[in-house]
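The values are calculated or read from the model by the stated rules, or taken from the named source; none is laboratory data. It should be emphasised that the depicted structure is a prediction, and the values quoted were computed from it without experimental measurement. Methodologically, a virtual Cβ is constructed for each residue, glycine included, from the backbone with ideal geometry; neighbour enumeration extends over all protein chains shown.
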């Protein structure tokens, strides 16, 4: 770079003095150190890219302009990548890196690979796709970067640009598109396929699909426009149910609505809610996710409500924090149900408080998007409910279930080992994410949604009303 030296993405004038650790250092000395750092970075990046090039080329190139789009569209784009200080903070708690101990499977490594791809230094290879799709999208790296880079933004963009080369997940993308456009028909098809016992069907379907399909209930939570509540409500809220609570675990949404009504709220469940778009975006189907985002924003954005509450933190994080990347605006009033109830319980909104002490052991599983995406500290709520924290917290692997089944299973296995030891086979693992529940139950763990625990503890009258229906 003419007139300056590159160091961690910054340019400094040659021979300009500076202060390091309280000592004035000559510009010449600083320039020497900068050259040494730059040489180390080049060696690191060269070695990383070289290892990737050992993989077989896919024999296909990116679409014209893909490299420019990859670097241009995410916030800050190329400038953001060049600001990366290569400090490694992003991989300190990366769940995938903890398993692989491979730089190319860390957030920092993936960013360097995407940068090399966009700038034409490396071709698209199967090795690159494997590294890119192994990410569980937990968001830990987004909150740990000291210079504000959000690696997952680039991961999403990379998957979008490479999706046509990723033939391994072509059938999955097609099935997901069809299922989310017509979810009721999709679930019926899943129940039908899950009941088949033909060998070729078993080979196509993912492991555990039959057990999953057998649990799909006939009833659903939403559908038609519903407004539920007392004649003189104390407030008005909306519920964004999400696919899991709507179609797979309607009892979770029913508990949410029953407690809100018990607190005097008028609850609005608008007609037309669609998937938040996270599964689509994670598979690189960004345009489809944009259409879903636009529809949800149109529906929920015009409601005059105190909050838009979701029993799924992934949905809440998506519609509040990720929609601006897709549609330019998010649903600002969106919040997770655990966050909403902690606030209300702290304000004294617990009509039956003290009536139902717990005797069973409960251990907390922290959903990644609740902690990293929404920034929620669940500690006060767990203390209120008597739920123990495991100490060894981590990702359950749900975010990689659609994209890297092996990695998902490895992450799940680690969580199952921790929770089996802590619960001794008799306690419950409590979480606020319906998706995490499904993942953990695949590993044989007994789970509960935190809304169920709140209802048992503070709203037994609402529980009795549900039982009487």
Among 385, 381, 342, 374, the single one that is modelled with pLDDT of 95 or more and touching a helix residue (DSSP H, G or I) at 6+ places or on another chain (Cβ under 6 Å) is 374
From (1) assigned to a helix (DSSP H, G or I); (2) farther than 21 Å from residue 313 by Cα, pick out the condition that doesn't hold for residue 227.
(1)
Subset of segment 285-306 (residues that are over 18 Å from residue 247 (Cβ atoms) and crowded, with 23+ Cβ neighbours inside 10 Å)
289, 293
Where in segment 322-431 are the strands (runs of 3 or more DSSP E), entirely inside, with at least 3 residues that are touching a residue at least 40 places away in the same chain (Cβ under 8 Å)?
362-364, 428-431
Qualifying residues in segment 160-199 (those that are closer than 19 Å to residue 278 by Cβ and not in a helix (DSSP H, G or I)) - the one modelled with the highest pLDDT:
166
Complete set of residues in segment 301-316 that are modelled with pLDDT of 95 or more and assigned to a helix (DSSP H, G or I)
313, 314, 315, 316
Here's a check for you: in segment 254-284, which residue that is touching a strand residue (DSSP E or B) at 6+ places or on another chain (Cβ under 7 Å) and part of a helix (DSSP H, G or I) is surrounded by the fewest Cβ atoms within 10 Å (Cβ to Cβ)?
261
